[in-house]
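The values are calculated or read from the model by the stated rules, or taken from the named source; none is laboratory data. This one's a predicted model, so the numbers in the text were calculated from it and none came from an experiment. Glycine gets a Cβ as well: all are built from the backbone with ideal geometry, and neighbour counts include every protein chain shown. Quick note on the areas: whole protein, heavy atoms, side chains included, nothing else; ligands and nucleic acids left out. Shrake-Rupley method; radii C 1.70, N 1.55, O 1.52, S 1.80 Å.
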There are 2 protein chains.
Amino acid sequence: MSRSSARARAASKGAETRETILAHALGLATRIGFEGLTIGRLAEDLRMSKSGLFAHFRSKEALQLDILRMAGARMVETVVKPALSVPRGEPRVRALFERWLAWEQSPSLPGGCPFMAASFELDDRPGPVRDFVVQNLRDWMDTLAGAARIAVNEGHFRADLDCEQFAHDCQGIGLAFVHASRLMRDPKARARAARAFEALLDACRAPGYAISHPSAAAPSGRRR
Amino acid sequence: MSRSSARARAASKGAETRETILAHALGLATRIGFEGLTIGRLAEDLRMSKSGLFAHFRSKEALQLDILRMAGARMVETVVKPALSVPRGEPRVRALFERWLAWEQSPSLPGGCPFMAASFELDDRPGPVRDFVVQNLRDWMDTLAGAARIAVNEGHFRADLDCEQFAHDCQGIGLAFVHASRLMRDPKARARAARAFEALLDACRAPGYAISHPSAAAPSGRRR
């Protein structure tokens, strides 16, 4: 084996190890919180040496950022991209919300959506980690508002809809779901989220669309 | 001075010191989080000795519980009790929500409502502190649902309203407000919360009440 191909293999092995560590750290951070996730705590959990981990991540902050970068990329892959292949308008808005709920409950995230977890923890802690969380949430709200705007253009949602308010209200439904399911352990949490979302759609829908698409006017009966 | 009155004075002085420490600790906990609030960190902040603080609070957990008990009592005093003197029905529901928003923004709570702050931090940490937070939030949601039920009985809200769903949706509006104002620093956070709340009331109102009380049917124009 030439020296350069050996070097390439070592680098790719290093990148793989790094990915494995990050995936584990992401799950751990959603459970114990981002502030509790020190390199020491992660080393303990993975039965690795602290110095080995320091070789991959220079600091706790670098580790937090790498975890959130991985989470952001995964969220785009599993929530946003698949929704883009769903028909424009209300169906796509629904797909985004439902895929977000599935992401929040995915087994690889035992503590739920890392951005939700981080958002309450970091709101008073200025710095690059907080900035990254805010930027990511802003992107997500823009995606929701954009999908609502398309639904307006398609004639599914009413023309005077405030699409930023729609995104804000969706976020409220998501937060209430996290709250009800994770903290209050309310067995109806999923049903409550679905019902709140249907009520929001009812209030957004263009009257013409509701009449021409009876399934859009009363899907809540099926879903509740 | 007799020995017993000296003892009583010392005890009352002790209780006063304890209250002052707790009030400070409450503000600090809302900013740095409940997990970060160790007796050492509080001692540093107050420039007191750790041993002096240990005399008042036996452990970090006891301190957390005492802080939350104080917060719970204050929330009842400033949010719930005053709303009970507001006329039954929609006005009382409004008073509860508006007083909660004011509590969340009160200067004595620099990091906002301690139950909101604690709820995301403690959702995965079983124990008496989490139990206390859950019980307190359950009481709050019961208060909201109860006020909605009175509004149904008064004919302000429609007869088929799911009052638990109403409480859940109010909590979502509150959570979205905390999120928008504290994390996203959205200057429209207060207006968005007001608008979401008016939309929720619009969806809850009994048709007869909206017609006989035109101010109830369209207060959103004034408030938005």
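Tabulated values for the structure
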| item | result |
| --- | --- |
| Charged-residue dipole, Cβ positions (Lys, Arg, Asp, Glu), the range B:11-97 about Cα centre, Debye nearest 20 | 140 debye |
| nm² value of the averaged projected area, convex hull over the Cα atoms of the protein assembly as shown | 28.1 nm² |
| Straight-distance crosslink candidates among lysines, where the alpha carbon sits under 21 Å from B:LYS50 and sequence neighbours closer than 8 are dropped | B:LYS13, B:LYS60 |
| Top of B:GLY40, B:GLY111, B:GLY89 by mean-square fluctuation, Gaussian network on chain B, Cα under 10 Å | B:GLY40 |
| For the range A:61-215, radius of gyration divided by Kirkwood radius, i.e. Rg to Rh on alpha-carbons | 0.99 |
| Positive minus negative residues near A:ILE150 (Lys, Arg vs Asp, Glu; Cβ under 13 Å) | +1 |
| Between B and A, accessible area buried - total, square angstrom, nearest 100, 1.4 angstrom probe | 3400 Å² |
| DSSP-loop chymotrypsin sites (Phe, Trp or Tyr not before Pro) across the range A:155-214, with at most 10 other Cβ within 10 angstrom | none |
| Helix runs (DSSP H) in chain A reaching 30 Å along axis by Cα, Kyte-Doolittle at least -1.0 | A:3-32, A:128-153 |
